[in-house]
């Protein structure tokens with residue numbers, strides 16, 4: 001029967017030591033600092049839902065105190081950022097009186113998150129057993145580790161690294177884990193299971209930094225979706241843990257332990273203990289894989305950087321405000337300032353630049369582009385490339401057919417995985433159409449140059465005349481990545497979310513809560529009220545819609561209002577339900593995209609009604625409202 005030499009006396013290390021020892025396996029636990037002192041004095045207590053006891057296992061401060069034997073199994077239970085140093089030290093330790101080195105003859109079991117440690121272990125150990133671990137233990141104070149899992153004490157998926165049939169060591173370790181009360185499964189495709197765990201681990205940063213709420217939930221969806229796209233592009237096929245497993249997940253649940261409430265993930269615990277976190281190997285791993293593929297992972301990269309800043313500043317876990325998160329996401333997914341863009345254009349993953357100068361009544365967008373544009377920018381014609389031909393049913397700017405959009409995007413030189421920045425010279429109101437349309441078509445990394453051409457020149461950056469004709473790109477698009485509404489859905493949303501009596505259509509509900517949803521009219525207030533209608537067949541608005549003009553999203557400098565101001569502007573436009581509860585329309589679906597971008601900066605997801613007022617007002621069967629009241633019907 002092997003002896004388990006567990007290197008690392010944190011949450012997972014102590015849990016393994018306690019449960020393996022209780023199952024009759026021989027264990028040595030290697031720790032450091034105050035935790036090691038307590039281990040040697042019998043002062044480390046382990047709690048699970050059924051019992052608690054002081055650990056009674058041999059403790060060591062390093063390999064010199066252990067004396068390795070050929071029957072030992074090394075268990076690397078350090079944090080990922082400490083693994084490289086530990087592997088180097090333990091791999092060269094003598095075994096069997098010095099005849100061999102540990103890396104030559106002993107198996108090492110790795111229990112870290114991320115994808116890095118197994119590769120590092122294989123550099124020094126001939127036999128590596130990797131694992132995916134679900135062990136929800138908490139270690140925030142020396143001398144105490146609490147594991148709320150039960151009746152199974154945790155779940156392990158184990159496999160030989162690199163992928164392949166299970167080694168004898170992997171089989172023996174699996175048997176011992178099962179005997180110790182864990183659910184454990186041997187797999188031959190460990191990399192898929194590691195990738196699957198990484199999708200969940202990418203949200204640990206959010207758990208560590210922010211309190212639960214809609215903003216954190218939205219960020220988790222964005223981080224996980226980005227991580228999945230990067231992993232897929234890197235050749236990983238994340239396992240479906242629940243569908244593919246053979247272990248009994250019904251035996252794994254969290255149960256309360258009096259006086260030991262679980263605070264959060266391993267990253268949360270690192271912040272609670274004011275220690276370095278493993279985020280560089282979680283969100284940072286996604287950023288690394290993206291860079292290796294010549295692309296970006298802006299959400300995960302931003303989260304990795306934010307955790308490291310929190311470590312430096314000793315930020316208590318869960319203490320950052322939601323405004324901090326909204327600002328982080330806005331910078332990662334919606335807006336880029338001129339100075340940041342200049343730096344990115346000089347970097348190794350330079351974004352493609354699209355010039356979308358267009359305005360209602362101004363047909364000279366291409367001429368303005370030829371007079372001067374950002375170096376490398378390609379002109380995009382909104383009328384012919386970002387819209388299909390006008391029709392009564394589709395409105396003045398229907399969404400283009402996907403095949404047509406893909407041909408245009410390739411003409412612009414866009415390639416799969418390439419970041420994109422779009423701009424115009426009118427506060428982003430036309431460029432936002434390209435931002436929304438590309439994201440709808442599956443291009444995740446698209447941002448608006450905040451302030452457009454004016455902000456670029458104000459920063460002292462150059463413009464150049466003439467046309468840019470790039471090499472054709474290879475981008476592949478797929479529709480449906482952002483929600484849309486048809487006329488019936490827009491009508492239903494407007495009917496469901498109208499505020500009560502006395503609330504103006506130019507404001508959100510006074511109590512700040514909508515019961516179902518809201519439809520936003522992004523046109524100028526005069527057009528909403530039906531006082532003027534310069535383009536479409538009828539004046540007025542969709543009954544039940546509220547007025548929030550797009551023009552009020554930006555300041556006099558053409559830049560978006562500060563995030564806090566936008567959050568205040570859109571306060572109340574969310575509910576506790578799921579799915580898109582905010583819909584937006586304008587005249588023809590162009591400036592509504594700008595409203596959706598502003599809502600995204602404020603942390604609110606919204607659906608677009610592409611036909612907008614031009615399609616609605618062309619249908620004589622559709623009702624029309626006028627005046628400031630959302631539901632005041634137009635007289636017959």
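Read the figures in this text as sums done on the coordinates, not as results from a lab. Keep in mind that this is a model prediction, so the values were computed, not measured. Backbone-built Cβ (ideal geometry, glycine too); neighbour counts: all protein chains shown.
Would you please put 59-66, 534-541, 267-274, 13-20 in order of how densely packed they are, using the mean number of other Cβ atoms within 10 angstrom per residue and starting with the highest?
Ranking, from highest mean packing down: 13-20, 267-274, 534-541, 59-66.
Taking the inverse of the mean reciprocal distance over all distinct Cα pairs, the Kirkwood hydrodynamic radius of segment 237-291 comes to 14.6 Å. Averaged over residues, the count of other Cβ atoms within 10 Å places the peptides 186-192, 446-452 in the sequence 446-452, 186-192, highest first. When each of the peptides 80-87, 275-282, 250-257 is scored by how many other beta carbons lie within 10 Å of its residues on average, the order from highest to lowest is 275-282, 80-87, 250-257. Distance between the C-alpha centres of segment 306-378 and segment 153-186: 46 Å, rounded to the whole angstrom.
If you take the square roots of the eigenvalues of the alpha-carbon gyration tensor of segment 45-136 and sort them as a ≥ b ≥ c, do you get rounded (a/c under 1.5), prolate (a/b over b/c) or oblate? Since a/c reaches 1.5 but b/c is at least a/b, the shape of segment 45-136 is classed as oblate.
Rounded to two decimals, the Cα-based Rg/Rh of segment 1-43, with Kirkwood Rh, is 0.96. Mind jotting down the distance between the C-alpha centroids of segment 423-487 and segment 50-103, whole Å? What the calculation gives is 54 Å, centre to centre. The long axis of helix 402-411 is offset from the longest Cα principal axis of the chain by roughly 80 degrees. For segment 140-258, the square roots a ≥ b ≥ c of the C-alpha gyration tensor eigenvalues yield an a/c of 1.5 or more together with a/b not exceeding b/c, which makes the shape oblate. The C-alpha atoms of the chain define a longest principal axis, and helix 190-201 lies at about 60 degrees to it.
Under the shape rule built on the C-alpha gyration tensor, where the axes satisfy a ≥ b ≥ c, segment 335-458 is oblate, since a/c reaches at least 1.5 while a/b does not exceed b/c. Value of Rg to Rh for segment 586-636, rounded to two decimals, is 1.07; Kirkwood radius and Rg both from alpha-carbon coordinates. Across the chain, Cα pairs under 8 Å and at least six residues apart give a relative contact order of 10 percent.
Using only Cα atoms, what is the ratio of the radius of gyration of segment 68-184 to 2.2 N^0.38 Å?
Working: Rg = 14.6 Å, N = 117, 2.2 N^0.38 = 13.4 Å.
Computed over Cα atoms of segment 68-184, the ratio equals 1.09.
Rounded to the nearest 500, the helix-only mean residue ellipticity at 222 nm of the chain stands at -10000 deg cm²/dmol, with each DSSP H run of n ≥ 4 adding -39,500 (n - 2.57).
Would you mind ranking 566, 68 by Cβ crowding within 10 Å, fewest neighbours first? Each step should come with its number before you reach the end.
Values: 566 24, 68 21.
Taking fewest neighbouring Cβ atoms as first place, the list is 68, 566.
Using Cβ contacts closer than 10 Å as the measure, can you line up 563, 1 from fewest to most? Intermediate values should be presented prior to the final figure.
Details: 563 22, 1 9.
Least to most surrounded, the residues fall as 1, 563.
Please arrange 226, 116 by how many other C-beta atoms lie within 10 Å of their C-beta, fewest to most. Provide the component values of the computation, followed by the final result.
On the way: 226 26, 116 22.
Fewest-to-most Cβ neighbours within 10 Å comes out as 116, 226.
The translational diffusion coefficient of the chain, from Stokes-Einstein at 37 °C and 0.692 mPa s with a Kirkwood hydrodynamic radius over alpha carbon pairs, comes to 121 µm²/s. The long axis of helix 214-233 is offset from the longest Cα principal axis of the chain by roughly 80 degrees.
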